[in-house]
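Participant: First, the structure itself, so that you have it in front of you.
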Amino acid sequence: MKVEPTGIPGVLVLEPKVFEDARGCFFESFNHAAFEAATGQRVAFVQDNHSVSRGPVLRGLHYQAGRPQGKLVRVVAGSVFDVAVDIRPDSATRGRWVGLELSAENRRQIWIPPGLAHGFLVTSPVAEVLYKATDSYDPASERCIIWNDLTLAVAWPLTGEPIVSAKDARGEPFA
């Protein structure tokens, strides 16, 4: 597995080793020991989530205040622009974001440690996103930062207005 750091400490891009031949390909999408060795992080995933969205759906920027979740995110169909925002109170990179394309074709994954907000924009007609979470969904601690927050100024690759849920449209400002 290849591991690339990002501009936010702890947020990592992971690329699996892919074995391809005339039949197709094979790769490990997750191996606990390899993940811990590559990232230096000890994690226990307790929930897998599967999201199917049509473009240009934008989901996020979500986080849980009381029970923060670490997320290992990948795309199994289509493509998304995936974003992690550092909202940790004592972080030197608080208020910074990183974004990258995740797609079924590039097979990249992003590790987003607990304490960050997460969102994505579907950049294909349909996208299926899978992510492992380190804590269970907790509606009482669920929060949302408005996707187009002026302070964060996330550079979403939009050509028009995105489709957002009513809940996401009511997201709070970062400040």
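Participant: Only one of G10, G60 is on the phi > 0 side of the Ramachandran plot, within 17 Å of the chain's Cα centre (by Cα), surrounded by 11 or more Cβ atoms within 10 Å (Cβ to Cβ) and assigned to a loop (DSSP other than H, G, I, E, B). Can you tell me which?
Facilitator: When all the criteria are applied, what remains is G10.
Participant: Can you name the residue in segment 132-155 that is in a loop (DSSP other than H, G, I, E, B) and acidic (D, E) and is also farthest from V43 (Cα to Cα) among such residues?
Facilitator: My answer is D149.
Participant: While we're on this one: Limited to segment 150-175, what total is found for residues that are of a type in the set (D, E, K, R) and under 18 Å from the mean Cα position of the chain (by Cα)?
Facilitator: Number satisfying all stated conditions: 1.
Participant: Of the numbered conditions (1) free of Cβ contacts under 8 Å to residues at least 40 places away in the same chain; (2) within 13 Å of G70 (Cβ to Cβ); (3) of a type in the set (A, V, I, L, M), A133 satisfies every one except a single condition; which is it?
Facilitator: Condition (1) is where A133 drops out.
Participant: Just a yes or no: is a residue in segment 17-27 farther than 28 Å from T93 by Cα, in contact (Cβ under 8 Å) with a residue 24 or more places away in the chain, not in a loop (DSSP other than H, G, I, E, B) and not acidic (D, E)? Even if it seems obvious, please write down each step before you answer.
Facilitator: Filtering segment 17-27 for residues farther than 28 Å from T93 by Cα gives 17-27.
Now restrict to residues that are in contact (Cβ under 8 Å) with a residue 24 or more places away in the chain: 18, 27.
Checking which are not in a loop (DSSP other than H, G, I, E, B) leaves us with none.
No, because not a single residue in segment 17-27 is farther than 28 Å from T93 by Cα, in contact (Cβ under 8 Å) with a residue 24 or more places away in the chain, not in a loop (DSSP other than H, G, I, E, B) and not acidic (D, E).
Participant: Conditions: (1) surrounded by fewer than 14 Cβ atoms within 10 Å (Cβ to Cβ); (2) at pLDDT 95 or above; (3) among the hydroxyl-bearing types (S, T, Y). S51 meets all but one. Number of the miss?
Facilitator: With respect to (1) surrounded by fewer than 14 Cβ atoms within 10 Å (Cβ to Cβ); (2) at pLDDT 95 or above; (3) among the hydroxyl-bearing types (S, T, Y), S51 is out only on (1).
Participant: Mind listing whichever residues of segment 63-79 are in a loop (DSSP other than H, G, I, E, B) and of a type in the set (K, R)?
Facilitator: R67, the sole residue that qualifies.
The values are calculated or read from the model by the stated rules, or taken from the named source; none is laboratory data. Just so it is clear, the structure is predicted and the values come from calculations on it, not from any experiment. Here Cβ is always computed from backbone atoms with ideal geometry, including for glycine, and neighbour counts include all displayed protein chains.
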